[in-house]
1. What single numbered condition from (1) in a helix (DSSP H, G or I); (2) more than 16 Å from the chain's Cα centre (by Cα) fails to hold for residue 152?
2. Among all residue pairs at least 6 apart or on different chains, which show Cβ distances below 6 Å where the first residue, located in the stretch 189-207, is closer than 17 Å to residue 151 by Cβ and the second is in a helix (DSSP H, G or I) and at pLDDT 95 or above?
3. I'd like to know if the stretch 76-88 contains one or more residues that are within 18 Å of the chain's Cα centre (by Cα) and under 24 Å from residue 229 (Cβ atoms).
4. Could you please tell me which pairs satisfy a Cβ distance under 6 Å, a separation of 6+ or placement on different chains, a first residue in the stretch 10-36 that is over 18 Å from residue 206 (Cα atoms), and a second residue that is part of a strand (DSSP E or B)?
5. Does the stretch 42-50 contain at least one residue that is at negative phi, within 11 Å of the chain's Cα centre (by Cα) and at pLDDT below 95?
6. Using the structure shown, decide if residue 100 is buried (at least 20 other Cβ atoms within 10 Å of the Cβ) and in a loop (DSSP other than H, G, I, E, B).
7. Give 343, 296, 305, 328 a once-over and let me know the one that is under 30 Å from residue 72 (Cα atoms), modelled with pLDDT of 80 or more and part of a helix (DSSP H, G or I).
8. Can you pull out every residue in the stretch 186-208 that is surrounded by 14 or more Cβ atoms within 10 Å (Cβ to Cβ) and more than 19 Å from residue 134 (Cβ to Cβ)?
């Protein structure tokens, strides 16, 4: 178990539908990299188990139970009995970080795996928790992928990931970047950024930079992840493939750059440009509009207010008792998704229930 403590770990973060799944697929082709799909159990369970060193049987049983309640954990297809046996077989004192790495190892990848030399964790929600993750894994590395906020909204809207209100999504884009940048300034050697547009336009160049940053050897075979599409179809439910793993089906291409130009109205573009403000240029994007009338400001305000309210509620949730916080973090994402789909896309809700 002490060996696990020395194995490096890196995190892929960024807004949903910004290229995090693509990055994960690229790294997962490496037989020595263990990087499951998203499940925020590390942060979610940290308040309850983060300070444990001596794990008693009751702690392990409780941890495994809580782990199974985490949203999306079932998509990993973990052999729970095998995980329980491994944890119960540990005799020495181990940190929470080592236990988390052992969980990451249990994921059944569609790519052939050998000795684990690197751990990876792709979770968009971790974008605002990089500082907390450094407390668990002091030597962790973070890759932040950013996508044009207007294309980002189009992608979010097309897969029903959030309320389809452009100022809400654009404000979340801005808030995530601000939070990541604040921590990046404090720990510059642990954080790096890449734009989605650069990754798909110059994939070899950008992947060499990212591989060098996290220490994973670069190989041209990384770009063959799409060859596993048939296995992915057998492994995952259709609704999950569409929402979480659709990137696996295609070679890297630039088809999704600038899609907003034909799918958004002038009013929507103005609302997005106004909402992100200077952060557009800060991240290398050009706003089409910089002057806004009162109508645009008023129409954008509800989404901005909601985004900031949700940010505040997330901060408050971090201080709630574990059980209350666990209920919010583990159950509400699915409940919110079902509520949204019942209104905007009931057919997809039926697919989710199947």
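The values are calculated or read from the model by the stated rules, or taken from the named source; none is laboratory data. This is a predicted model, so every value here is computed, not measured. Note that we place each Cβ from the backbone using ideal geometry, even for glycine, and neighbour counts take in every protein chain shown.
1. Among (1) in a helix (DSSP H, G or I); (2) more than 16 Å from the chain's Cα centre (by Cα), residue 152 violates only (2).
2. 194/206; 198/206; 199/206
3. Here is the first cut: in the stretch 76-88, the ones within 18 Å of the chain's Cα centre (by Cα) are 76.
Then keep just the ones that are under 24 Å from residue 229 (Cβ atoms); that gives 76.
So far as the stretch 76-88 goes, yes, one or more of its residues are within 18 Å of the chain's Cα centre (by Cα) and under 24 Å from residue 229 (Cβ atoms).
4. 33/118; 33/120; 34/119; 35/120
5. Start the filter on the stretch 42-50 by keeping residues that are at negative phi, which leaves 42-50.
Imposing the further condition that a residue be within 11 Å of the chain's Cα centre (by Cα) reduces the set to none.
No, that holds for no residue.
6. No.
7. Values: 343 fails: modelled with pLDDT of 80 or more; 296 fails: under 30 Å from residue 72 (Cα atoms); 328 fails: modelled with pLDDT of 80 or more.
Being under 30 Å from residue 72 (Cα atoms), modelled with pLDDT of 80 or more and part of a helix (DSSP H, G or I) holds for just one of 343, 296, 305, 328, which is 305.
8. 194, 195, 196, 197, 198, 199, 200, 201, 203, 206, 207
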